[in-house]
Every structure is written in C-alpha cells, then in structure tokens.
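The structure under discussion appears below in the form of structure tokens.
The values are calculated or read from the model by the stated rules, or taken from the named source; none is laboratory data. Nothing here was measured: the structure is a model prediction, and the numbers come from that model. Please note: Cβ atoms are built from the backbone with ideal geometry, for glycine as well, and neighbour counts cover all protein chains shown.
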C-alpha cells in the first residue's frame, strides 16, 4: 500500500519577500510532501519567486481572498490525486517543523481536519487585543453550535483529508474560512481535532487582515457562522 500523498497549499498575495524562505523551510522539514502556491492576484513577483523555487503555481487574475485561493488549491489537489491537503500561510508565521504533528491525527484516521492551535498549550504567543477578543467570540460560537471547544478558530494552519477536500472544492466560504467552515464541516459529520503548534511573527509584507478587514471580519464571520449552523440544522 502506497503512502498517502500530501499537498501543502500556500495561498499567496504579494508575498514575494517572505515566500522563498517559507518554501525552503517546508522542503527542509517535510521533503516528501508536494507544494502548490496559489497566487491570488499578486501585483509583485510572487509567482516568479515560486516558480524559481521549482514549485507549481496556479494564478488568479484578480484577488479572490483566502477562501477563493484555498478552494482553488483543493480543486487542484483532488484533480491530481492527493489524499491530504495542508493549508499553510506564505508569510512565515506557520513553522513547518510542526507539519508532522499536524498530519499525524489525519493520517491515523483520528480526525478529518487537524487544526494547528496556538492555545491548546502554552506557547507564549500573544495576538493583538482585537484579534484575541474575536477569537474568544468565535470560539464561543463554535462551542455553542457544536458542543466542542475549538480554541483557535482563526488558525490558517490546517490539514484536511480527501473527503473534506471533495466537499470544499464545491462549497467553501471565500472571505474568511474560519468558524463558519468549521461549523459546516462538523455538522456534516467530519471530525475536528486541535494540535498544539507555535506561531511566529510574519517575515515580511502586510497581513491579510488590514484595518478595514478587521472591522468587517466580525460581522461577516458572525453572520456566516449563524448561516452555517441554521443550514445544517434544517
């Protein structure tokens, strides 16, 4: 029996400076996995530096957001026969040394989605106050909806098995694939599990969560979370 095929999906928007180091770290930590960069309408040299590193690139002509980029990655993974897709940010905040720990529960069949969490163990990570408040809010919503505590609903470091990717290639939130996605997947019967990881400061570039998105995020995510809960209740 052949080993499961793993694809690391890296959504990237204007990440020319940070991407080479991120790709090098993934290769050093997990030489047996494949990498895909989904260039989400970048205006800098993001696709060029990815290809220079020998990595497969899929380009969006316009920026669709994290959800749109991930959905493209899931479609590509399913079409090319991968068993597990790993979501990993391009900016260097996710340490690829934790890839093995993230993959283990999915490979062992203990869950369908493994979530790299900053909060299931003490790591010293401190998010800005506004983000910590948002995390507490949406952790509470997920717990109320599912009866399961997820401490880090905004983590962008996750592993998904093939059945989940098959669903996500068709139905996926384009703006913020955080609490609404977790609620939707869990209510479909998929099992979620958090794994302790450490996260770092971004290497370069600007966060996806600009001031405008930070103001918009709570309202959109709250509405999407409620819709995910109601839709699967009916």
Discussion item. Looking for something surrounded by fewer than 21 Cβ atoms within 10 Å (Cβ to Cβ) and under 25 Å from residue 183 (Cα atoms) - is there at least one such residue anywhere in segment 26-36?
Written reply: no
Fill in: Within segment 22-75, tally of residues that are out of contact with any helix residue (DSSP H, G or I) (no Cβ under 9 Å at 6 or more places or on another chain), part of a helix (DSSP H, G or I) and free of Cβ contacts under 8 Å to residues at least 12 places away in the same chain
1
Worksheet item: Do the conditions hold for residue 65, that is, is it on the phi > 0 side of the Ramachandran plot and surrounded by fewer than 18 Cβ atoms within 10 Å (Cβ to Cβ)?
Response: no
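Residues are listed down the side, and each one gets a yes or a no for (1) surrounded by 22 or more Cβ atoms within 10 Å (Cβ to Cβ); (2) at pLDDT 85 or above:
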| site | (1), (2) |
| --- | --- |
| 104 | no, yes |
| 108 | no, yes |
| 118 | yes, yes |
| 127 | no, no |
| 134 | yes, no |
| 172 | no, no |
| 177 | yes, no |
Item to complete: Considering every residue within segment 75-84, establish whether at least one is under 16 Å from the mean Cα position of the chain (by Cα) and crowded, with 20+ Cβ neighbours inside 10 Å.
Response: yes
